[in-house]
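Visitor: This structure is in C-alpha cells; I'll ask about it shortly.
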Amino acid sequence: KDFIIIAVDGGAAAGKSSTSRALSSKFDLMHVDTGSFYRATTVKLLEAGVAPEAGPAMDAALAKLELGTYIDENSAYIVVNDWIPDESIRSEEVNANVSQYAAIPELRKFLFDYQRDQANIAREEGFAGLIMEGRDIGSVIFPDADLRLYLYADPAKRAARRAAEGLSDSIEKRDQMDSSRKTAPLSIPEGATLVDSSEMTLEEVVEHVSDLVSKAY
Ligand code: C5P
C-alpha cells in the first residue's frame, strides 16, 4: 500500500503517545494526538464560560472556533483561532474537565471532519501514512483503518507513569467517564488488536507493534 492508516486507542496513560510517536518516526507516518484536540477545545470552552452540556450556548461557542493545523517534524498539531495550544492543555484543570466536554455529541461532531481530514493532510505532506491516537479512532473516526490497536496497561502502571510526570490526573475517573458515555465511548473496537503493555518496556511494545505495522502494508 502506498498509504496506511493506523488507529491507536486506549485509556489515559496507557502509553499511546510514546508508542505512536516512536512508530511515526520509524515508518514515516504523520502522528496525530486527538486527545490534544479535546484538551484544546476544553480550554477554549472553559475560557468562554460554556458549561459542558449540549444546547444553544455550546453550539454558539463551537461556531466561534476556527480550526487549523500545523506540522512540526512528524506530528500535526491543532490550532484554534490562531492559538497554538501549549502545555496548558495538560493542566490539572483540563484533566478534571475534559471528559465532561468530550461526552457532548456536538463537540465530537464538530471535531469529526477535522480528524478525518488529517489523512488528506498526511497524504499532501508526503507521509507514508497516518497514525492517530485517541479513544474512538478505530471505532468511529477510522473504522476502515489498515491497523487498529487497543493499548492496555494495568492501573498501577498507568498511575506510576502519570506520577513520574509530576501531575495529578484522575485517570481512572476519566476512563470511567470515557467508557460510559453514550457517544463514541472508549471500547475495544471489533477486530482491533489488543496490546497489553503492563509487563513490557516501551521498546518492547514498539518492537511488537512494528511487526503488526509491517504486516498492515
Ligand atoms: O489522550 P488524552 O488523555 O490526552 O485525552 C484527553 C481526553 O480527551 C480523554 O480523557 C477523553 O475524554 C477525550 N478524548 C476523546 N476521544 C478521543 C481522544 C480524547 O473523547 N479520540
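Values quoted throughout were computed directly from the atomic coordinates according to the rules given, and no laboratory measurement underlies them. Bear in mind that the values here come from a model prediction, so they are computed numbers and not experimental data. Here the Cβ positions follow ideal geometry from the backbone for every residue, glycine too, while neighbour counts run over all protein chains shown.
Visitor: Which of these, Gly138, Gly129, Gly55, has the largest mean-square fluctuation under a Gaussian network model of the chain (Cα springs below 10 Å)?
Guide: So, out of Gly138, Gly129, Gly55, the one fluctuating most is Gly55.
Visitor: If the cut-off is 13 Å between C-alpha atoms, which aspartates and glutamates fall inside it for Lys26, apart from same-chain ones fewer than 8 positions away?
Guide: Within the straight-line limit of under 13 Å, Lys26 reaches these aspartates and glutamates: Glu73, Glu203, Glu207, Asp211.
Visitor: Can I ask one more? Quick check on the exposure proxy: order Arg135, Arg148 from fewest to most C-beta atoms within 10 angstrom.
Guide: Ranking Arg135, Arg148 by Cβ neighbours within 10 Å, fewest first, gives Arg148, Arg135.
Visitor: A further question follows. For Lys44, give me every one of the lysines with a C-alpha distance below 29 angstrom, ignoring sequence neighbours fewer than eight places off in its own chain.
Guide: Lys16, Lys64, Lys109, Lys173, Lys182
Visitor: 5 Å is the cut-off here: which amide hydrogens, built 1.01 Å from N in the peptide plane, fall below it relative to Gly10, excluding neighbours closer than 5 in sequence?
Guide: For Gly10, whose amide H was placed from the backbone, the distant partners under 5 Å are Gly134, Leu151.
Visitor: Next question. Got a sec to turn the phi values of segment 39-56 into Karplus ³J(HN,Hα) couplings, 6.51 cos²θ - 1.76 cosθ + 1.60 with θ = phi - 60°, whole Hz, x for Gly and Pro?
Guide: For segment 39-56, the Karplus-derived couplings read 5, 5, 5, 4, 4, 5, 6, 5, 4, 7, x, 8, 6, x, 9, 5, x, x Hz, x marking Gly and Pro.
Visitor: Moving on. In whole Å, what is the distance between the alpha-carbon centres of segment 1-22 and segment 162-213?
Guide: The two parts, judged by their Cα centres, are 10 Å apart.
Visitor: Then there is this: Over the chain, what is the relative contact order in percent, taking alpha-carbon pairs closer than 8 angstrom and at least six residues apart?
Guide: Across the chain, relative contact order equals 36 percent.
Visitor: Still on this model: Quick one: work out the % antiparallel among DSSP beta bridges in the chain, nearest 5.
Guide: Numbers: 7 of 29 bridges.
Counting only bridges with both partners in the chain, antiparallel ones make up about 25 percent.
Visitor: Let me ask something else. Sketch the reach of a paramagnetic label on Arg116 as a point 7 Å from Cα along Cα-to-Cβ, and name the residues of segment 4-27 whose backbone nitrogen lies under 19 Å away.
Guide: Flagged as within label range: 4-8.
Visitor: If you rank Ile4, Ile141 by fewest surrounding Cβ atoms within 10 Å, what's the result?
Guide: So the residues, fewest neighbours to most, are Ile4, Ile141.
Visitor: Also, quick follow-up: Under a plain spin-label model, where a point goes 7 Å from the Cα along Cα-to-Cβ, how far apart in nm are Ser187 and Glu47?
Guide: The modelled label-to-label distance comes out at 3.5 nm.
Visitor: Full extension from Gln176 to Glu106: what is 0.36 nm times the residue separation minus their Cα-Cα distance, to one decimal in nm? Don't skip to the end; give the middle numbers.
Guide: Values: separation 70, 0.36 × 70 = 25.20 nm, distance 2.05 nm.
Extending this stretch completely gives an extra 23.2 nm.
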